[in-house]
1. Using packing as a proxy for protection, rank 17-28, 39-50 so that the peptide with the highest average count of other Cβ atoms within 10 Å comes first.
2. For each pair in LYS5/LYS28; LYS5/LYS40; LYS17/LYS48; LYS5/LYS42, compute the distance between the two Cα atoms and list the pairs where it is over 20 Å.
Amino acid sequence: MLGNKYELAKLNLDKVKEAYELLPLFLKPHIIRWNEKAIKFKGGNECKIQATSSTSFRGSTLTSLVIDEAAFVNEGGVVDLDRAILQSLLPTL
């Protein structure tokens with residue numbers, strides 16, 4: 001998940017953590033790592049956060065992406081961010 005600022009991305013991850021905690025036990029996947037920046041599940045899936053930048057998630061293969069407050073990324077940054085995101089998502093399309 002990306003936020004225009006790290007604090008916003010962290011807030012969104014906190015909401016995901018809260019939703020996970022409210023799931024019934026039989027729906028909760030096993031968690032390997034649970035920290036301030038990420039949740040990693042036993043099956044290899046991971047939910048992690050970063051602040052928006054032209055290098056966000058570069059080198060990663062993403063299956064989905066949430067970008068919050070994208071309207072607040074400066075105009076030149078949007079082009080760079082689009083390139084970085086597209087390169088990360090292409091292997092999964």
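Where a number appears in this text, it was derived from the coordinates with a stated rule and is not lab data. For clarity, every value in this text was computed on a predicted model and none was experimentally measured. Reconstructed Cβ throughout: ideal geometry from the backbone, glycine too, with neighbour counts over all protein chains shown.
1. Details: 17-28: 9.2, 39-50: 14.2.
Answer by packing, highest mean first, reads 39-50, 17-28.
2. LYS5/LYS28; LYS5/LYS40; LYS5/LYS42
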